[in-house]
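Take a look at the structure set out below.
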């Protein structure tokens, strides 16, 4: 569904992990639908390029650097958004990393803690800062990026799978707490999407690519724009009765 289907005029949206992949596609789609978009990530060069693309397409966007593993960065992201735009309406908490590939007992504690800190605690840090800002202007919408790995296990990805399962639990709990206060909170669960993260996993290995594609009944990887379309629906007035839901957009992967 085209972004023009929705109208986010007068809304301010923040997207973390917006310098590439799903985050970039979602930031661009929100801007096309009329939102003023804060593009956030840790790579300023890539973030600035996304902003340039949005503004070239007559959208409104700024880049604010934030590492979601740092409380100070997240607090600055939210406060600076409110300072520049006067409000905070939509958040897509998308920043995440895959970590190493290893059997559960072979993960290093350092890598385990880092993946959980970015993927799960990072989402909590974002919500901790976002929710008060949304409450101050009467409500808002939060979408947290989980994964099909938040619903099923994948050998070799213990920390990633644990973090994505945790996001769903966190989303459901926060959704129950804040729905009466006017904040809708949901999660998105992408399948195998053609992003830089997936390309890093494949490592130009045809056999690895074949195995990954074999997971998808549809016979292909998804593209970031397909996930962005689902995120926009969750953020729109078409989804006002959707609360605490992990929306699966996966080409049929978990239907097996």
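The values are calculated or read from the model by the stated rules, or taken from the named source; none is laboratory data. Quick caveat: nothing in here was measured; it's all calculated off a predicted structure. Glycine also receives a Cβ, built like all others from the backbone with ideal geometry; neighbour counts cover every protein chain displayed.
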Filter region 78-92 for residues that are out of contact with any helix residue (DSSP H, G or I) (no Cβ under 7 Å at 6 or more places or on another chain) and in a helix (DSSP H, G or I); the one that is surrounded by the most Cβ atoms within 10 Å (Cβ to Cβ) is 81
Among (1) surrounded by fewer than 21 Cβ atoms within 10 Å (Cβ to Cβ); (2) under 19 Å from the mean Cα position of the chain (by Cα); (3) outside any helix (DSSP H, G or I), there is one condition residue 138 misses while meeting the rest; what is its number? (2)
Please find, among 46, 30, the residue that is surrounded by fewer than 24 Cβ atoms within 10 Å (Cβ to Cβ), assigned to a helix (DSSP H, G or I) and either modelled with pLDDT of 95 or more or more than 18 Å from the chain's Cα centre (by Cα) (or both). 46
Looking at the structure I just gave you, is residue 56 free of Cβ contacts under 8 Å to residues at least 12 places away in the same chain and more than 13 Å from the chain's Cα centre (by Cα)? yes
Exception for residue 37 within (1) in contact with a strand residue (DSSP E or B) (Cβ under 8 Å, 6 or more places away or on another chain); (2) within 16 Å of residue 9 (Cβ to Cβ); (3) assigned to a helix (DSSP H, G or I) falls at (3)
Of the numbered conditions (1) in a helix (DSSP H, G or I); (2) in contact (Cβ under 8 Å) with a residue 24 or more places away in the chain; (3) surrounded by 16 or more Cβ atoms within 10 Å (Cβ to Cβ), residue 95 satisfies every one except a single condition; which is it? (1)
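Among 62, 74, which is part of a helix (DSSP H, G or I), in contact with a helix residue (DSSP H, G or I) (Cβ under 9 Å, 6 or more places away or on another chain), modelled with pLDDT of 95 or more and more than 14 Å from residue 232 (Cα to Cα)?
Values: 62 fails: part of a helix (DSSP H, G or I).
Residue meeting the stated conditions: 74.
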Working only within region 6-27, note down all residues that are assigned to a loop (DSSP other than H, G, I, E, B) and under 13 Å from the mean Cα position of the chain (by Cα). 16, 17, 18, 19, 20
Filtering region 242-253 down to residues that are surrounded by 15 or more Cβ atoms within 10 Å (Cβ to Cβ) and under 17 Å from residue 193 (Cβ atoms) yields 246, 247, 248, 249, 250, 251, 253
For residue 100, which of the numbered conditions (1) within 18 Å of residue 200 (Cα to Cα); (2) without any contact (Cβ under 8 Å) to a residue 60 or more places away in the chain; (3) not in a loop (DSSP other than H, G, I, E, B) fails to hold? (3)
